[in-house]
Amino acid sequence: MTAGDNLFGRLLKRAPLAGDLPDVLGAPATGLHLYLDGEGAVLQMAGPLRLLLAQQMPHDKPLPLHDLLLPHSTLAIEGRPQEWQGLLLDLDFPGLGEQTLHLRGWAQPLGNGWLLQLIDIADLLSERQQAHQREACQGIAGQISKQLRSCSLGRLPMVVSDQLQIIAQRWQIPCVALALLNEQEQVWQVHCQFHAHDAPGLWHDGQRLGTPLDSLNGTGPQRLGAHYGQYEHTRVQGLFGNAEGFAVPYSDDRGVMAWLLCGFYAVDKTAPYLTDRDWLMLAGALAGPLLGRLREQQHQLQLERLESLQTLLGTGWWEIGSAGEHIQLAPTLAAILQQDSSKLTLEHWLNLIHPADREEVRSRLQALQMHGEILDLCVRLHPHDASQAPAWYRLQGQVSGTGDHRRLAGFMLDISDIKNQQQLAAAAHARLDNLIASSPAVIYVQHYVEGALLPAFFSASLQPLLGWSLEDCDAGALVERIHPDDRALYFERTRQLLREGSVRARYRLRDSRGDYHWLLDEARLLRNDLGLPVEAVGLWLDVTEATLAAEQVRQSEERYRILVEDSPAMICRYRPDLILTFGNRPLATYLECAPEELPGVNLGSWMSDVQRADFIERLALLTPESPVSTAEINLQLPGREHAWWVWSDRGVFDEHGKLIEVQAVGRDNTEVRRSQQQLTQSAKMATLGEMATGLAHEINQPLNVMRMAIVNVQKRLSNGDVQIDYLTDKLNRIDAQVQRAAKVVDHMRVFGRRSEIEQQLFNPASAIEGTLSLLAEGMRGKGVDLRISETPFEVQVRGYVDQLEQVLINLMVNARDALLGKRESESGFKPWISIYAERDEEKVRLWVEDNGGGIDPRLLERIFEPFFTTKPVGVGTGLGLSVSYGIIENMGGHLSVRNSADGARFCIELPIAPDD
Ligand code: ADP
């Protein structure tokens, strides 16, 4: 009311109002004096408050009291002043500047009228209102804290939100929030907020506000905004949207723990009757119980966590009572240890521990009790079942507090898993150590010192492998033990390791017995963060055996190479298309070129078409199961007539069984072949000689016939009785005989020639025919009956027709000899020789049989041997049958003999050549 007093002061100096009425009121020092007529109309006004009224006295007429009052006050003055006498009137007047004047007064008669004396009761009213407000505030605060304390933890967030809303609505706060201190991070965080639907959302739940609130003075409510200026810290202002704001702290024993924030809130205008104390109480009613509940929740959570952690870990706390006789276990621990009660006597508890560890635990517990020595042991529990492995526990304990508060407490933790793993790891480690120790490998570490690598560690395998220890192997000693020839290599290995970071080398190292070992050294350089070398880690692998074996292989390869190179045999490798990939010197010599020129040359180029076809056909028969084939091959070599090679091929196959290469070894058989041929030839000549007698007869016969014809013609001529017909007839006869003789001589010539080089296809019947043309007449002349069956089929065999004839001649001549021998001793004997042929699918057989009595069974085995004969010296050569046997074999056939009822029975068996 300072402003009012000033105004009052100024107005006092004004001149009194002029009026028609006598001044009955004078000039009272305070209040407002109204002089009323009997009807209650104002005739005169006095007193300082008169100047503060919105409505002033008109000069000319009385003013109805109603016109001076606010509408609600008119009710208090119904009727006339007389009726108000003795009543206390509370009247509200509209004042200047929209203000209301709260006045109290009473009416008393004065003169003809009434004096209404009024005093200002605004202060009184405001005090009363304040008291009301505080009461209401206390009530609400009590409600809030009751709500927060009594609700369940689950409903707590909802209840907090409701209470905040109640506060906001009750004191018309557009935005309100409760910020709590996040104790872990020491930042402020909006726990809960509410804003009126028409107010902007200044904050949101869970919003992190950071630390600006710390700059506010937490001892009382803080007003923020342009009007206050006291805390115009921009960060705080920012929190309140740079508008007017109000912040109420809540502190407990830990300091300021919460702020009630009111945004867009001019507190002094909107809630003028609330004091700072009221606000603190309100904030306390909200934050106090809430923090309590939250801490309770936190505690609960921690307890639950601890509980589940204990259960999970198989752990729990223990505490020994002050008397030292009992031990209290965490319920979870008691359950794990299968104890009904969580309080045990110390002795009972000690009995749960494995006897092996029990006394140690007892003694360490005493040390803890008496000297406060911290207990930390790994102990085993006594297993219920002797077959079970004991469980391992870590037992820890310490003393805390002193005097009456002295406590012996700790925890037990199940570490069976770790112990098992430790044991497994130790076993694995031992196995690994063992493995390294017994393997032919040494692991080593060399420290890098100023460019040099100094041995720092060797695995235990060093001793069994080389017979040294680390001490024997300082850098100098190591170099000493390296084979002198390999030292340069070792130094280069170290240089390369430092240069490139890794190396692989092979050198010899002397062991403690003086023997050298070949070591494969693989090393890697380890560097530190700066890239500087720290140490080299490496592995020595004893490769002595492998190295020696490789050396042996190399040597044997060398020997093999020398063998191949220097062998008198022809050795070569060629592809299935007969292109040589390698040939040794003897082969090159035969082929008249240098060994280097052989690869790429076609082996088939020295063969005739037929020979090449045969050769390839033979190769086609090679299989992985029977990869070797041997044959005598015939080649036309440069500068030579014919060469015969005995040739062995060995096929090399891929995994699919396809022939990829042939390795061949050959031997020149030409000389052998030649002598064989000469032998055959001489045998043939012998046969011819044999046959000379028969031949004479053969040729004599036509000569006799011709001579007879000529004698007869001459006789006729001398008689002069020559008829043309008769002459012609005789001449024809002579001609026929000439032809017959010529045929014999011709065949003789053909037979006497050497055989063809290559085998030909021919019909064996032609050989029988040829043989008979030479022998038939002679045989018959000797009285031998030739029984020749016509060959009823046509077949082809491969070979030499003259050679087959030679065989047949041999057989027939042998038969004739046997027959004639028998006739000498047996008169009336009728000798015969039978020749016939038969065939099946594959073979043709020529039979030569006689009735000469056969061959002595004891000699049957031997008659094919060369030079075996039963004939007198100079008569038999013993070659006939052996050469014949060779000829038939050479044609792929077989010559055999057995005795029949009458004599010997020879069989020539030949394969039938397929028709092309
Ligand atoms: P050679 O006729 O010169 O004695 P061979 O090799 O032709 O030589 O015959 C060897 C031997 O076989 C003959 O000495 C003879 O004892 C016996 N031999 C061969 N053929 C017959 C045959 N048809 N009957 C009886 N013995 C035979």
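Placing +1 on the Cβ of each Lys and Arg and -1 on the Cβ of each Asp and Glu in the chain, which of Q207, A594, Y250 has its Cα farthest towards the positive end of the resulting dipole?
So the residue furthest toward the plus end is A594.
Within the set of other residues whose C-beta is less than 12 Å from the C-beta of G142, count the net charge using Lys and Arg as +1 and Asp and Glu as -1.
Every neighbour counted, the sum reads +1.
By the scheme Lys and Arg +1, Asp and Glu -1, what is the net charge of all other residues having a beta-carbon under 13 Å from that of L509?
-1
Among the DSSP beta bridges whose two residues both lie in the chain, what percent are antiparallel, rounded to the nearest 5?
Beta bridges within the chain, antiparallel portion: roughly 95 percent.
Within 11 Å, Cβ to Cβ, of L68, how many net charges do the neighbouring residues add up to if Lys/Arg are +1 and Asp/Glu are -1?
Numbers: positive: R50; negative: D67, D92.
Summing Lys and Arg as +1 and Asp and Glu as -1 gives -1.
Before rounding to the nearest 500, sum -39500 (n - 2.57) across all DSSP H runs of length at least 4 in the chain and divide by the residue total; then give [θ] at 222 nm in deg cm²/dmol.
One gets -13000 deg cm²/dmol as the mean residue ellipticity at 222 nm.
Taking the chain as the reference, fit the longest principal axis to its C-alpha atoms, fit the long axis of helix 487-500 to the helix C-alpha atoms, and give the angle between the two in degrees, 0 to 90, nearest 10.
With rounding to tens, the tilt is 40 degrees.
To make sure I understand, if each residue's beta carbon is the centre and we count other beta carbons within 10 Å, what order do L224, L591 fall in, fewest to most? Numbers along the way, then the final one.
Values: L224 26, L591 22.
In order of increasing Cβ crowding within 10 Å: L591, L224.
Need the C-alpha centroid separation for the range 592-625 versus the range 241-313, integer Å.
First find each Cα centre; the distance between them is then 108 Å.
Within a 10 angstrom radius of the beta carbon, how do C378, C572 rank from fewest other beta carbons to most?
Ascending Cβ contact count within 10 Å gives the list C378, C572.
Towards the positive end of the charge dipole of the chain, with charges on Cβ (+1 Lys, Arg; -1 Asp, Glu), say which of A664, G770, V801 has the farthest Cα.
Sorting the options by dipole projection puts first G770.
Along the charge dipole of the chain, Cβ charges K/R +1 and D/E -1, which of I633, A283, L731 sits furthest on the positive end?
The one lying farthest along the dipole's positive direction is L731.
Please give the helix 544-566 orientation as an angle from the longest Cα principal axis of the chain, in degrees from 0 to 90, rounded to the nearest 10.
Computed tilt is about 30 degrees.
How large is the charge dipole for the range 244-391, taken about the Cα centre, if only the Cβ atoms of Lys, Arg (+1) and Asp, Glu (-1) carry charge, to the nearest 20 debye?
180
Between helix 355-371 and the chain, what is the angle of the helix's C-alpha long axis to the longest principal axis, kept within 0 to 90° and rounded to the nearest 10?
Compared with the principal axis, the helix lies near 30 degrees.
Let me have the relative contact order for the chain, percent, based on Cα pairs under 8 Å that are six or more residues apart.
4
For the residues V883, V534, what sequence is obtained by ranking on other C-beta atoms within 10 Å, fewest first?
Least to most surrounded, the residues fall as V534, V883.
With +1 assigned to the C-beta of every Lys and Arg and -1 to the C-beta of every Asp and Glu, and no other charges, what is the dipole magnitude of the range 308-374 about the Cα centre in debye, to the nearest 20?
So the dipole magnitude of the range 308-374 works out to roughly 80 debye.
Would you mind working out the magnitude of the charge dipole of the chain relative to its Cα centre, with +1 at each Lys and Arg C-beta and -1 at each Asp and Glu C-beta, to the nearest 20 Debye? Walk me through the numbers on the way to the answer.
Details: 85 positive and 117 negative charges, 337 e Å.
Rounded to the nearest 20 debye, it is 1620 debye.
Looking at the chain, which longest stretch skips every one of the trypsin sites (Lys or Arg not before Pro) that is in a DSSP loop with at most 16 other Cβ atoms within 10 Å, leaving the sites themselves out?
Longest site-free region, per DSSP loop and neighbour criteria: 255-405.
Every number here is computed from the coordinates shown, using simple stated rules; none is lab data. Since the model is a prediction, treat every value here as computed from it, not as a measurement. Neighbour counts run over all protein chains shown; Cβ positions are idealised from the backbone, glycine included.
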